[in-house]
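The values are calculated or read from the model by the stated rules, or taken from the named source; none is laboratory data. Just so it is clear, the structure is predicted and the values come from calculations on it, not from any experiment. All Cβ positions, glycine included, derive from the backbone under ideal geometry; neighbour counts span all protein chains shown. Please note that ligands, DNA and RNA were not included when accessible areas were found on the heavy atoms of the full protein model with its side chains. Shrake-Rupley method; radii C 1.70, N 1.55, O 1.52, S 1.80 Å.
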Amino acid sequence: MYNNVQLTNHGVDEAVAQLIKDNTVEFFSLPLDIKNKVAVLGKGAGLEGYGHHYSRAPGDKKDWAESLILITQPVHERNMKLWPTSPPTFRDALATYAVEMTKLARRLLGFMAADLGDEDEELVEAFTGKRQSMAMHYYPPCRHEGKVLGITPHTDGLGLTLLLHVDDTPGLQIKKDGRWYPVRPLPGAMLVNIGDVLDILTNGAYKSVKHRVIPDAERGRTTVVFVEEGTVEEGMVTPLPGLLKQQEPRYKSIHLDDYIKGILKAVPEGIRFANTLKIQNDDGST
Ligand SMILES: O=C(O)CCC(=O)C(=O)O
Ligand SMILES: [Fe+2]
């Protein structure tokens, strides 16, 4: 069972991946006033748009990244005012990449369902037709090691995250057994990251992984991150009903809307909201 792997044989159309990489690099290289045309709308308006999204971490280290976050599916939830028109091929690149990534996510979720013995593919169903978003990040080089972080340590709050490295600059680290391990970008590879919602849906079988980004002293780093949300019927974030026929639930159920509100409040405080949903056993274990 895996919860953080790099897939090299992922079948994503190379031209489609190249197009999103090229457009992302070009976007971040544009003058600030152009990028700010799609700036985050401000407090309470959600995370969509261009800006310094993660500079809300507690502690004295500042997050050192420029990001562009957009909802890509369903189409009617796209906020086209925040979809850049420069470079001119960016919108097309985003839309075609989202379609390719939906196919890859379906295949991966199918493997996970088989692995879990989820014969009815409830896991695949949970993600079908749900909201997807993309986050493009640029981490400028930084020589002040120790003073800044590319992205503060976190687990991804939502379902399945698929990360595409645009270059081979290192920076991403994952936490395992209390230690940070660097992820070395493999050319063309897609990094699979389990988010907290997937952890909850699989009743803890697939565990979300804590990760952070450390900026490189010499080179900038660009990534393209695809995120898919998953819920069971009525928009609930809960262990899959099929799994609970044979297991006790490890997480309480919550509606996705309340879950997202919970994350937005917990993240700035450095809290993993999913932990608050864990069911304690009589002996205090989870
Ligand atoms: O850019 C990266 O390597 C990580 C980005 C990330 O953790 C995120 O978007 O949640
Ligand atoms: Fe992340």
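How many residues, within region 213-224, are basic (Lys, Arg) and more than 8 Å from ligand 1 (Cβ to nearest atom)? Quick ask: steps written out before the conclusion?
Step one: filter region 213-224 for residues basic (Lys, Arg), giving 219, 221.
Cutting the leftovers down to more than 8 Å from ligand 1 (Cβ to nearest atom) gives us 219.
Result for region 213-224: 1.
When you scan region 93-104, do you find a residue that is farther than 19 Å from VAL12 by Cα and either part of a helix (DSSP H, G or I) or away from ligand 2 (no atom under 16 Å from the Cβ) (or both), even just one? Break it down stepwise before answering.
Pass one, region 93-104, residues farther than 19 Å from VAL12 by Cα: none.
The answer is no; no qualifying residue exists.
Filter region 226-261 down to residues that are of a type in the set (Asp, Glu) and surrounded by fewer than 21 Cβ atoms within 10 Å (Cβ to Cβ) and give me whichever is nearest to ILE71 (Cα to Cα). I'd like the intermediate steps shown before the answer.
Our first condition is that a residue be of a type in the set (Asp, Glu); within region 226-261, this holds for 228-229, 233-234, 248, 257-258.
Subset that is surrounded by fewer than 21 Cβ atoms within 10 Å (Cβ to Cβ): 233-234, 248, 257-258.
Working: GLU233: 21, GLU234: 21, GLU248: 34, ASP257: 16, ASP258: 19 Å.
My answer is ASP257.
Return the total of residues in region 30-63 being touching a Phe, Trp or Tyr at 6+ places or on another chain (Cβ under 9 Å), modelled with pLDDT of 90 or more and open to solvent by 70 Å² or more (accessible area, probe 1.4 Å).
Of the residues in region 30-63, 2 are touching a Phe, Trp or Tyr at 6+ places or on another chain (Cβ under 9 Å), modelled with pLDDT of 90 or more and open to solvent by 70 Å² or more (accessible area, probe 1.4 Å).
Which pairs have Cβ atoms under 6 Å, sit 6 or more apart or on different chains, and link a residue in region 124-137 that is within 9 Å of PRO74 (Cα to Cα) to one that is open to solvent by 20 Å² or more (accessible area, probe 1.4 Å) and modelled with pLDDT under 95?
GLN132/GLN73
Taking only pairs six or more apart or across chains, which ones have beta-carbon atoms under 7 Å, a first residue in region 210-225 that is closer than 11 Å to ALA65 by Cβ and open to solvent by 40 Å² or more (accessible area, probe 1.4 Å), and a second residue that is of a type in the set (Lys, Arg) and assigned to a loop (DSSP other than H, G, I, E, B)?
Every condition considered, no pair remains.
Within region 222-235, is even one residue hydroxyl-bearing (Ser, Thr, Tyr), part of a loop (DSSP other than H, G, I, E, B) and in contact with a Gly (Cβ under 9 Å, 6 or more places away or on another chain)?
Taking region 222-235 as the starting set, the residues that turn out to be hydroxyl-bearing (Ser, Thr, Tyr) are 222-223, 231.
Subset that is part of a loop (DSSP other than H, G, I, E, B): 231.
Restricting the remaining residues to those that are in contact with a Gly (Cβ under 9 Å, 6 or more places away or on another chain) gives 231.
Yes, some residue in region 222-235 is hydroxyl-bearing (Ser, Thr, Tyr), part of a loop (DSSP other than H, G, I, E, B) and in contact with a Gly (Cβ under 9 Å, 6 or more places away or on another chain).
List the number of the failed condition for HIS165; all other conditions in (1) in contact with a helix residue (DSSP H, G or I) (Cβ under 7 Å, 6 or more places away or on another chain); (2) within 16 Å of ligand 2 (Cβ to nearest atom) hold.
(1)
Across region 271-280, what is the number of residues that are open to solvent by 60 Å² or more (accessible area, probe 1.4 Å) and either β-branched (Val, Ile, Thr) or touching a residue at least 40 places away in the same chain (Cβ under 8 Å) (or both)?
Pass one, region 271-280, residues open to solvent by 60 Å² or more (accessible area, probe 1.4 Å): 271, 275-276, 278, 280.
Those still in the list that are either β-branched (Val, Ile, Thr) or touching a residue at least 40 places away in the same chain (Cβ under 8 Å) (or both) too: 271, 276.
Number satisfying all stated conditions: 2.
Among the residues of region 113-156 satisfying the criterion of being open to solvent by less than 60 Å² (accessible area, probe 1.4 Å) and out of contact with any strand residue (DSSP E or B) (no Cβ under 9 Å at 6 or more places or on another chain), which is farthest from ligand 2 (Cβ to nearest atom)? I'd like the intermediate steps shown before the answer.
Within region 113-156, the first condition is being open to solvent by less than 60 Å² (accessible area, probe 1.4 Å), and the residues that meet it are 113, 116-118, 122-124, 126-127, 130, 132-142, 146, 148-156.
Now restrict to residues that are out of contact with any strand residue (DSSP E or B) (no Cβ under 9 Å at 6 or more places or on another chain): 113, 116-118, 123-124, 146.
Working: ALA113: 23, LEU116: 23, GLY117: 28, ASP118: 25, LEU123: 21, VAL124: 23, GLY146: 21 Å.
Here the answer is GLY117.
Yes or no: LYS176 at pLDDT 90 or above, surrounded by fewer than 21 Cβ atoms within 10 Å (Cβ to Cβ) and within 13 Å of ligand 2 (Cβ to nearest atom)? Spell out how you get there, then give the answer.
Working: at pLDDT 90 or above: yes; surrounded by fewer than 21 Cβ atoms within 10 Å (Cβ to Cβ): yes; within 13 Å of ligand 2 (Cβ to nearest atom): no.
Taking the combined requirement at face value, the residue does not satisfy it.
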